[in-house]
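Notes follow once the structure below has been shown.
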Amino acid sequence: DRQTLVAVLQFLRRSNLRESEEILRREARLLGDDLGGSVATVASSSPGVAAVAAVPPGKGGARAGTAASLPGAGGSPLRAGPVGGVVVEDQPDVSAVLSAYNQQGDPTLYEEYYSGLKHFIECSLDCHRAELSQLFYPLFVHMYLELVYNQHESEAKSFFERFHGDQECYYQDDLRVLSSLTKKEHMKGNETMLDFRTSKFVLRISRDSYQLLKRHLQEKQNNQIWNIVQEHLYIDIFDGMPRSKQQIDAMVGSLAGEAKREANKAKVFFGLLKEPEFDVPLDDEDEEGENEEGKPKKKKPKKDSVGSKSKKQDPNAPPQNRIPLPELKDSDKLDKVMNMKEAARRVRLGPECLPSICFYTFLNAYQGLTAVDITDDSSMIVGGFADSTVRVWSVTPKKLRSVKTAADLSLIDKESDDVLERIMDEKTASELKILYGHSGPVYGTSFSPDRNYLLSCSEDGTVRLWSLQTFTCLVGYKGHNYPVWDTQFSPYGYYFVSGGHDRVARLWATDHYQPLRIFAGHLADVTCTRFHPNSNYIATGSADRTIRLWDVLNGNCVRIFTGHKGPIHSLAFSPNGRFLATGATDGRVLLWDIGHGLMVGELKGHTDTIYALRFSRDGEILASGSMDNTVRLWDAVKAFEDLETDDFTTATGHINLPENSQDLLLGTYMTKSTPVVHLHFTRRNLLLAAGAYSSQ
């Protein structure tokens with residue numbers, strides 16, 4: 001087989017095994033000219049003449065970077081420029097990546113190759129057709145890029161025009177980027193392009209379909225396509241029934257294809273940590289209070305059960321000391337007690353009992369509202385704005401006050417019971433505080449669980465930590481060189497995560513000015529970040545249309561979820577830590593089982609980007625808020641019950657999503673003209689929503 005021979009000769013040449021190369025060449029009776037210029041031959045002539053590359057003009061000749069030396073005057077070899085290769089001053093990794101597109105086939109035959117394969121796939125049996133159709137998109141892109149790289153611009157253009165209409169609708173945005181790459185020079189600076197090149201596109205295909213494809217390509221001697229399949233695609237072969245069109249459509253659509261099944265095999269401790277035990281000294285007063293109001297005493301046992309529920313160690317929980325978590329302060333314990341009391345009065349939600357929704361509309365927000373967060377106890381709300389300000393409002397009658405000046409503080413009796421009240425300066429009380437410091441739009445905000453701090457991240461590349469005691473900036477964390485799209489505090493405080501345009505997420509601790517972990521792996525911007533309720537994991541959503549779950553302990557990626565057809569903009573973990581809900585620009589909410597690494601549901605209904613997702617406090621209801629000006633409530637209990645998570649499903653990814661998610665939709669609530677950017681359930685399960693009124 002001539003092509004194999006050429007490859008072997010090239011290998012010998014690179015390894016400097018000249019003798020073996022000569023012997024093989026004599027055996028095969030091949031001279032340089034026969035090889036179509038793909039191997040530069042060594043002319044064995046008088047010593048004065050250096051090696052000459054036999055490259056017929058116009059053939060795009062020697063392998064990238066094998067610069068042939070030409071005989072100059074007096075036999076001194078001159079270094080010629082790279083033949084058909086890459087300009088030398090380019091960064092090494094980029095040139096290495098692109099040089100894989102060295103010329104291998106006849107440019108005029110590319111359309112024939114592709115349409116031949118297309119005909120074969122379209123005529124194959126239905127059960128194989130759906131699986132093999134996944135090849136169309138990656139092959140189309142690689143063949144087009146190969147033509148462009150080797151400067152066959154007209155062939156590339158006609159190839160693109162002839163076949164781009166056949167690709168799935170969810171690749172339209174990628175194809176738009178691709179259509180603008182018409183010259184070799186365009187390819188160097190294009191990140192999307194480089195990602196597509198460096199990461200192998202993953203396809204999940206059953207063994208039968210794969211054998212069929214392999215047989216076809218070998219019979220047709222269609223080496224061009226076979227080479228691309230081997231070099232640029234990763235085919236994850238499974239034994240069993242081929243998947244149906246619906247099953248495939250649910251899972252594909254990300255920049256690099258599906259996740260390899262191996263990627264979702266690692267063990268994840270998705271259980272919750274045991275709550276620390278402490279005495280609840282307020283119980284007695286509490287009971288008296290209740291009796292005075294004429295309420296029965298029966299509430300007591302119920303409250304105890306709330307406290308004791310988490311005493312048993314969850315078998316799926318991480319070890320308590322797996323990552324160091326901050327100690328509980330007295331104020332945190334008080335807050336936990338308050339939380340338990342509120343929980344006792346919590347409304348049990350369900351299809352028969354939907355939450356009331358209280359909507360905070362930002363009016364006249366000409367500064368452009370870009371981010372919202374609400375404290376866990378629903379006492380404060382913060383808005384990040386495009387004019388680079390951060391504005392904090394008090395939602396309760398209690399106004400926001402700063403701490404007194406140092407001179408005044410020295411006069412206070414530190415032993416008094418109400419010392420925390422006395423240190424506050426009444427003169428500063430107001431409903432709104434404005435924090436200045438960023439130099440670009442603020443895209444993310446997050447309150448610390450103890451409500452002492454506030455994080456904000458901005459287009460200026462920094463994350464800032466603000467004190468809610470003094471309403472001043474304490475630290476600016478610089479690590480991202482580009483806009484930071486989202487940031488969030490850990491549910492235990494101290495740690496926080498940020499994600500940005502540089503395609504990585506960073507884990508920080510408030511007292512370190514350098515990140516503790518850098519989570520790299522996404523192929524495009526990290527658009528949203530969320531901590532798992534046990535704080536051992538972080539979920540990131542990206543514009544590469546995948547969601548990744550990272551282990552905080554070692555920085556490894558332990559889950560990759562594919563299935564969205566647009567950039568991810570919202571993430572929410574269920575309160576029990578088992579499930580993850582994700583929303584994207586495609587208007588779909590997808591539900592994932594973290595332990596098994598499987599998609600278990602799809603909620604269709606929104607018609608625009610989903611910017612907000614939140615589970616109710618006990619996880620019975622999932623609320624989603626979108627740019628289509630609606631809040632929708634979904635039945636989470638029903639969505640997650642009787643899941644098929646047997647070994648077979650996990651092994652092959654054969655997921656059977658119900659055709660229709662309407663029976664899970666409990667209600668749709670329209671605003672007049674306000675896109676929903678944030679949702680929050682209070683401790684008693686009242687749903688708070690927020691957004692800025694838009695007057696178009």
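The values are calculated or read from the model by the stated rules, or taken from the named source; none is laboratory data. Only a predicted model underlies this, so the values are computations on that prediction, with no experimental measurement involved. All Cβ positions, even for glycine, are placed from backbone atoms using ideal geometry, and neighbour counts span all protein chains on display. Remember, those area values only see protein heavy atoms, side chains included, never the ligands or the DNA or RNA. Shrake-Rupley method; radii C 1.70, N 1.55, O 1.52, S 1.80 Å.
For region 526-549, state whether one or more residues are surrounded by fewer than 20 Cβ atoms within 10 Å (Cβ to Cβ) and farther than 22 Å from Tyr453 by Cβ.
No, region 526-549 has no match at all.
List the number of the failed condition for Ala692; all other conditions in (1) modelled with pLDDT under 70; (2) under 30 Å from Val392 (Cβ atoms) hold.
It is condition (1) that Ala692 fails.
Go through region 559-578 and give me each residue that's more than 11 Å from the chain's Cα centre (by Cα) and open to solvent by 10 Å² or more (accessible area, probe 1.4 Å).
Lys565, Phe573, Pro575, Asn576, Arg578
Would a scan of region 488-498 turn up a residue that is open to solvent by 40 Å² or more (accessible area, probe 1.4 Å) and touching an Asp or Glu at 6+ places or on another chain (Cβ under 7 Å)?
no
Please determine, by comparing only the residues of region 620-637 that are open to solvent by 20 Å² or more (accessible area, probe 1.4 Å) and touching a residue at least 40 places away in the same chain (Cβ under 8 Å), which one is farthest from Gly667 (Cα to Cα).
Filtering region 620-637 for residues open to solvent by 20 Å² or more (accessible area, probe 1.4 Å) gives 627-629, 632, 637.
Next cut, touching a residue at least 40 places away in the same chain (Cβ under 8 Å) only: 627-629, 637.
Working: Met627: 17, Asp628: 15, Asn629: 14, Val637: 15 Å.
Among them, the one singled out is Met627.
From the residues in region 167-210 that are over 27 Å from Phe561 (Cβ atoms) and part of a helix (DSSP H, G or I), which one is most open to solvent (accessible area, probe 1.4 Å)?
Our first condition is that a residue be over 27 Å from Phe561 (Cβ atoms); within region 167-210, this holds for 179-189.
Subsequent filtering for residues that are part of a helix (DSSP H, G or I) retains 179, 184-188.
Working: Ser179: 50, Lys184: 25, Glu185: 114, His186: 75, Met187: 0, Lys188: 50 Å².
Among them, the one singled out is Glu185.
Name the single residue that is modelled with the highest pLDDT among those in region 360-378 being at negative phi and surrounded by fewer than 16 Cβ atoms within 10 Å (Cβ to Cβ). If you could, list the steps in order and put the result at the bottom.
Keep residues of region 360-378 that are at negative phi, which gives 360-363, 365-367, 369-377.
This time we only want the ones that are surrounded by fewer than 16 Cβ atoms within 10 Å (Cβ to Cβ), so: 361, 363, 366.
On the way: Thr361: 92, Leu363: 87, Tyr366: 77.
So the residue we want is Thr361.
In region 211-243, what count of residues is obtained for those that are under 29 Å from the mean Cα position of the chain (by Cα) and assigned to a helix (DSSP H, G or I)?
5
Do we have Val39 as modelled with pLDDT under 80 and under 30 Å from Lys220 (Cβ atoms) here?
On the way: modelled with pLDDT under 80: yes; under 30 Å from Lys220 (Cβ atoms): yes.
Yes.
I need the full set of residues from region 164-212 which are touching a residue at least 24 places away in the same chain (Cβ under 8 Å), closer than 14 Å to Asp544 by Cβ and of a type in the set (Val, Ile, Thr), in order please.
Thr192, Thr198, Val202 - these are the residues of region 164-212 that are touching a residue at least 24 places away in the same chain (Cβ under 8 Å), closer than 14 Å to Asp544 by Cβ and of a type in the set (Val, Ile, Thr).
Can you tell me how many residues in region 411-424 are assigned to a loop (DSSP other than H, G, I, E, B) and either open to solvent by 80 Å² or more (accessible area, probe 1.4 Å) or in contact with a helix residue (DSSP H, G or I) (Cβ under 7 Å, 6 or more places away or on another chain) (or both)? Explain how you work it out, then say what you get.
Within region 411-424, the first condition is being assigned to a loop (DSSP other than H, G, I, E, B), and the residues that meet it are 411-418, 423.
Remaining after also requiring either open to solvent by 80 Å² or more (accessible area, probe 1.4 Å) or in contact with a helix residue (DSSP H, G or I) (Cβ under 7 Å, 6 or more places away or on another chain) (or both): 411-412, 414-417, 423.
So the count comes out to 7.
How many residues does region 598-619 hold that are in a loop (DSSP other than H, G, I, E, B) and open to solvent by 10 Å² or more (accessible area, probe 1.4 Å)?
To start, the set of residues in region 598-619 that are in a loop (DSSP other than H, G, I, E, B) comprises 605-609, 616-619.
Then drop every residue that is not open to solvent by 10 Å² or more (accessible area, probe 1.4 Å), which leaves 605-609, 617-619.
Of the residues in region 598-619, 8 are in a loop (DSSP other than H, G, I, E, B) and open to solvent by 10 Å² or more (accessible area, probe 1.4 Å).
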